[in-house]
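Report on the following structure.
The values are calculated or read from the model by the stated rules, or taken from the named source; none is laboratory data. Please read all numbers here as calculations on a predicted model, not as lab measurements. Positions of Cβ are generated from backbone atoms using ideal geometry, with glycine treated the same way; all protein chains shown enter the neighbour counts. Note: areas computed on protein heavy atoms with side chains; ligands, DNA, RNA excluded. Shrake-Rupley method; radii C 1.70, N 1.55, O 1.52, S 1.80 Å.
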Amino acid sequence: MIDLKDLREHPDRYRDGCRKKGMAVDIDRLLALDEERRSLSTRRDNLRAEQGRVEKEVGPQIGKLAGAIKKAQTNERASLEAELEALKGRPAALKAQIQDLEAKVAAIEPELNAILLSVPLPPDPDVPVGTSSDDNVEIRRWHPPSTPPAGLGVVGEGPWGFDVSKPYEANRGFRPKNHIDLVKDLGLADFERGVKIAGTRSYVLTGDGMLLHNAVLRYAFDTMTLRHGFRAMSVPVLVREEAMVGTGFFPAGREQAYHIEEAKRGGGYDQFLTGTGEVGLMALHADEILREEDLPIRYTTVSTCFRREAGAAGKDTAGLYRIHQFDKVEQVVICRADETESRSWHAKMIGYVEELLQSLALPYRLLQCCTGDLGVKNADMVDIESWMPGRGDVGKDGTPSGAYGETHSASRLYDYQCRRLNMRYRPAGHEKGPTVFCHSLNNTVAASPRLLIPILEMWQNADGSVTVPPVLRPYMGGKSRIG
RNA sequence: GGAGAGAUGGCCGAGCGGCUGAAGGCGACGGUUUGCUAAACCGUUAUAGGGACCAAAAUCCCUAUCGAGGGUUCGAAUCCCUCUCUCUCCGCCA
């Protein structure tokens, strides 16, 4: 959520933000509603103050009179009652006016709040302006060196020295299989039975496929907790609507989430399946005032993620790329409201992922997302795409060109999310000062099975087997080869 | 699923129609005392919205908030209704 006060003072900043992000939000309507609400509530508050004074003044008299009436003789009762009615007249008139104003305020609020929730955080000035992912700007690429660093592999096995500008065959000396064929031939996944059980975009990981999946997650999780000091967490993936709204996924992404309609069954309230562990991690401290010395908070979780993929019909229907359910290691940082600190965490969180991909020898590139590709809640977003030989256009010989596919996404949100979540801290040394909304950031560490695609395709061998990247072997009982 | 009990400030806990933004305690912060610490004593101690002032901060004023929402009343932390949550016991269960 953006700061309404700031919008009031700098409406053009938000108009501009909407335009750059390609989102149509009626800022003028919001300003008008805000103006109206403030004028109404000021009048209401003044009347309430008046009511308070009147109550103190005539309240006790009313009480006394009411008591007197009970004891009074019938002949004097009538005059006492008239007096009581006269006394009640003033507060009653105030009450009616107050209720009228309250009703008017209440009538405005739903629309005002709905618009307010949909106003996007303006993108940072250094984010390139664009309309879609086509306008994203490549920041840099990384290719694995031809000589593997100590402990990460041996020459001739895996993608060491791989150059994505050359065909796979020129790099490795054989024509690659795509991950779909690899998992079928090696018995790593069963799509038919997945669909039988759960419908389209469903799958079953089998045998070494499941082991490799777990190995990737464990490796990524351990990297974050043991090496980088992030706190290991398990969080709900079935959450209340408040958590979805608070983290900024609703209302914009409502169609993307599975909706558990418990209220219809008399369950009291509905729930939603989260599409990322970010929801649970960020909602943890909702409505809390944190201590500055406890910041930054660094959390990581591994959780199952659910996505309806609404609007993606027909896109990436085969394989493990776009699926309804997957597992993801996610990292979040909650830090002080300081732009420099936010930016520095963003860079660090991207660095952790680069380190991970490099240890797996997977070629990748960093993509600066343009304004049109940002969600409502980000000021800045960097995607990391890993090289997937099985993607891209298929050539005359039936071999795909290979293409980068998104495997990670690092967002910088300033206080947008924490404002919605009402997550604040009290700056140290300013015990009496106002509270400040925290900044938050999030980034993927590893999403699997999607990350299995580059791993399998890049680490496959000419004989159809797949070498297990050395860093994953400890998580697979030391196994070095599948097939 | 059945039966009870409860939800008050950073925490504990009183209040059960007006004088209660809320006693008392703990904690925290400031001060006095002190060779230093401790103790003792004094004081301060919520959040949000709006407004005054203003370059800004500070300050001041008004309003709201005692789990949430609605109701009764001139007036609700206090009475009534609904919801949410927590705890205890029984049943069931990975």
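Is the shape of segment A:207-260 rounded, prolate or oblate, going by the alpha carbon gyration tensor and its root eigenvalues a ≥ b ≥ c, with a/c under 1.5 for rounded and a/b larger than b/c for prolate?
oblate
Excluding ligands, DNA and RNA, what is the solvent-accessible area per residue of chain A at a probe of 1.4 Å, expressed in Å²?
47
Quick one: which of A:98-107, A:393-402, A:153-162 comes out on top by average Cβ neighbours within 10 Å, and what's the full order, highest first?
Taking the mean over residues of other Cβ atoms within 10 Å, the ranking is A:153-162, A:98-107, A:393-402.
Say a paramagnetic label sat at a point 7 Å from the Cα of residue A:165, along Cα to Cβ; which residues of segment A:384-421 have their backbone N under 18 Å from it?
The answer is A:387-388, A:401-404, whose backbone nitrogens lie closer than 18 Å to the label point.
So which of A:20/A:104; A:21/A:264; A:177/A:328; A:95/A:377 end up more than 32 Å apart by C-alpha?
Among A:20/A:104; A:21/A:264; A:177/A:328; A:95/A:377, the Cα-Cα distance tops 32 Å for A:20/A:104; A:21/A:264; A:95/A:377.
Taking all protein chains in place and a 1.4 Å probe, what share, in percent, of the accessible surface of chain A do carbon and sulfur account for?
50
Could you give the nm distance between label points at residue A:102 and residue A:141, where each point is 7 Å from its Cα heading toward the beta carbon?
6.6
For segment A:26-118, what class follows from the C-alpha gyration tensor (a ≥ b ≥ c being the square roots of its eigenvalues): rounded when a/c is under 1.5, otherwise prolate if a/b is larger than b/c, else oblate?
In terms of gyration-tensor shape, prolate.
Treating each Cα of chain A as an identical point scatterer and ignoring solvent, apply the Debye formula and state log10 I(q)/I(0) at q = 0.11 Å⁻¹.
Here the Debye-derived log intensity ratios amount to -0.97.
Residues with amide H under 5 Å of residue A:404's amide H, sequence separation 5 or more or different chain, H placed in the peptide plane at 1.01 Å from N; which?
Under 5 Å from the amide H of residue A:404 lie the amide H atoms of A:388, each far enough along the sequence or on another chain.
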